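S.K.: Starting off with a structure, shown below.
The values are calculated or read from the model by the stated rules, or taken from the named source; none is laboratory data. In this text, all values refer to a predicted model and were calculated from it rather than measured experimentally. Don't worry about glycine lacking a Cβ; one is built from the backbone with ideal geometry, like all the others, and counts go over all protein chains shown. Side chains included, ligands, DNA and RNA excluded: accessible areas come from the protein's heavy atoms. Shrake-Rupley method; radii C 1.70, N 1.55, O 1.52, S 1.80 Å.
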Amino acid sequence: MTSAFVRRGGQLHADQLSLAEIAAVYGTPCYVYSRTAIESAWQELDTALAPHPHQICYAVKANSNLAVLDLMARMGSGFDVVSGGELARVIAAGGDPARVVFSGVAKTDKELEQALTVGVGCINLESVSEIGRLERIASDLGVTAPVALRVNPDVDPRTHPYISTGLKENKFGVDIATATEIYARIASSPQLSPKGIDCHIGSQLTDLEPLVDAISRVLALVDQLRADGIDLDHIDIGGGLGIRYQDEQPPSFDEYAQQILTLFNGRKEAIVVEPGRSMVGNAGVLVTQVIGLKPGVEKNFALVDAAMNDLLRPALYNAWHDIEPVSTDSPPATMAWDIVGPVCETGDFLGQERQLALQEGDLLAVMSCGAYGFTMASNYNSRPRPAEVMVAGDAHYLIRKRETVEQLFELECGLPG
Ligand SMILES: *Cc1c(COP(=O)(O)O)cnc(C)c1O
């Protein structure tokens, strides 16, 4: 994927527009996404998987702005949702419910009812308890529920422990050893129709071997099920493909697809993939302004107007994001800076020990923020969430207004009397 964010004449651009210009129009902090980058990532993966019947179900939690979902829907994408809220967003954005897979370890009765009412393509079951509840709800509605079972193949994805999901000790899915028994139960239910099988082993995978291992185990199980008389239409291998944040060497879409196609060679089941990060991660940046500089004996702090409430990943996972000056017109001498926000937490940093030439008022771009950026933002410290802007060539659109302080307490009431 070619980067949408390139420097021309000392100025960092998003497509044809300088980020300085965007910041002048919309203020900071502000998320900026490239439509071209999102479309090219989706198309690249879709083309790479083209030799086999497949469906991309974009993982909405990575970036759930309606404009992003609208873009995906226009390209023919399906969606992976993990809540009733995400399902409502997909429908509001014009997504096709028949191309939605509904994942989630603790779906409520209300969410299951919503999924059946709008007609999602598949409900990915994650526990035996959920099966009984879904049967009752489907029976009340007089429908048959299309389902897949999320199995936990017990492989170590070799990623951050907080984003590993396919180990025995993780809360997701059911132990693969118990799956044939559970499928027999599903197949015998008049309210349930077994459509597929599902696994998702973790996120930010930079090595394909754990994924190949997991898929191999799932395929062996699918063959066993067929021998038992249970035929499945699709095999959902989840998401998880990593991106480059710093110096990682994640597989390309082609390398990823080649491995999958090899495993599916000669099989009739469709491939379903649920990519999130790899679709949008490197298609977005967070633009922030330096409020002040605080050089010290031990550390030099650059105080910026974005914080952990706007971008949680550094505080949550100690994640690395490249931080680049928006303008490199007249660089003074560089020194090592910790880029920190105004929030009252020591964990509130966007980057540490970054060699930068900084002055008060400078704009910085925090790179690779298109995935798990805005969607993880909060209002901690009563900070309104940033604006979101989409750039397409030389056009720019506001796709989410900056929140106002009044909106933050609009739902609260004083005490009576
Ligand atoms: C988070 C998640 C994804 C997307 O993961 P990425 O690493 O962003 O590709 C896909 N499927 C499920 C079930 C998830 O929870």
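S.K.: Kindly state which helices (runs of 4 or more DSSP H) lie completely within region 170-280 and contain at least 3 residues that are aliphatic (A, V, I, L, M) and open to solvent by 10 Å² or more (accessible area, probe 1.4 Å).
M.R.: By residue number, 179-187, 209-227.
S.K.: Scan region 197-229 for residues that are of a type in the set (Gly, Ala, Ser), modelled with pLDDT of 95 or more and in contact with a Leu (Cβ under 9 Å, 6 or more places away or on another chain) and jot them down.
M.R.: Ser216
S.K.: Among the residues of region 78-111, what is the count of those that are of a type in the set (A, V, I, L, M, F, W, C) and open to solvent by 20 Å² or more (accessible area, probe 1.4 Å)? Write out each step before concluding.
M.R.: Looking only at region 78-111, we keep the residues that are of a type in the set (A, V, I, L, M, F, W, C), and these are 79, 81-82, 87-88, 90-93, 98, 100-102, 105-106.
Among the residues that remain, those that are also open to solvent by 20 Å² or more (accessible area, probe 1.4 Å) are: 82, 88, 91-92, 98, 105-106.
Final tally of qualifying residues: 7.
S.K.: Could you check Val101 against (1) in contact with a Cys (Cβ under 9 Å, 6 or more places away or on another chain); (2) without any contact (Cβ under 8 Å) to a residue 60 or more places away in the chain; (3) within 14 Å of the ligand (Cβ to nearest atom); (4) not acidic (Asp, Glu) and say which number it fails?
M.R.: Of (1) in contact with a Cys (Cβ under 9 Å, 6 or more places away or on another chain); (2) without any contact (Cβ under 8 Å) to a residue 60 or more places away in the chain; (3) within 14 Å of the ligand (Cβ to nearest atom); (4) not acidic (Asp, Glu), only one is false for Val101: (2).
S.K.: Let me spell it out: the conditions are (1) within 16 Å of the ligand (Cβ to nearest atom); (2) modelled with pLDDT of 95 or more; (3) closer than 16 Å to Asp154 by Cα; (4) of a type outside the set (Lys, Arg), and Gly173 meets all of them except one. Which number is the exception?
M.R.: For Gly173, the exception is condition (2).
Results for (1) away from the ligand (no atom under 16 Å from the Cβ); (2) open to solvent by less than 70 Å² (accessible area, probe 1.4 Å); (3) small (Gly, Ala, Ser), shown as yes or no for each residue.
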{"site": "Thr328", "(1), (2), (3)": "yes, yes, no"}
{"site": "Trp337", "(1), (2), (3)": "yes, yes, no"}
{"site": "Gln352", "(1), (2), (3)": "yes, no, no"}
{"site": "Gln355", "(1), (2), (3)": "yes, no, no"}
{"site": "Leu358", "(1), (2), (3)": "yes, yes, no"}
{"site": "Ala365", "(1), (2), (3)": "yes, yes, yes"}
{"site": "Cys369", "(1), (2), (3)": "no, yes, no"}
{"site": "Gln407", "(1), (2), (3)": "yes, no, no"}
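S.K.: Then there is this: Within region 299-417, which strands (runs of 3 or more DSSP E) (wholly inside it) include 2 or more residues that are over 30 Å from Thr36 (Cα atoms)?
M.R.: Numbers: elements: 300-304, 323-325, 335-340, 349-356, 363-366, 387-392, 395-400.
The strands (runs of 3 or more DSSP E) meeting that bar are 300-304, 335-340, 349-356.
S.K.: Now for a different question. Which number in (1) within 16 Å of the ligand (Cβ to nearest atom); (2) open to solvent by less than 50 Å² (accessible area, probe 1.4 Å); (3) not polar (S, T, N, Q) marks the one condition that Leu316 misses?
M.R.: Leu316 satisfies all of (1) within 16 Å of the ligand (Cβ to nearest atom); (2) open to solvent by less than 50 Å² (accessible area, probe 1.4 Å); (3) not polar (S, T, N, Q) except (2).
S.K.: When the residues of region 1-24 are filtered to those that are touching a helix residue (DSSP H, G or I) at 6+ places or on another chain (Cβ under 9 Å) and over 16 Å from His396 (Cβ atoms), which remaining residue is surrounded by the most Cβ atoms within 10 Å (Cβ to Cβ)?
M.R.: So the residue we want is Met1.
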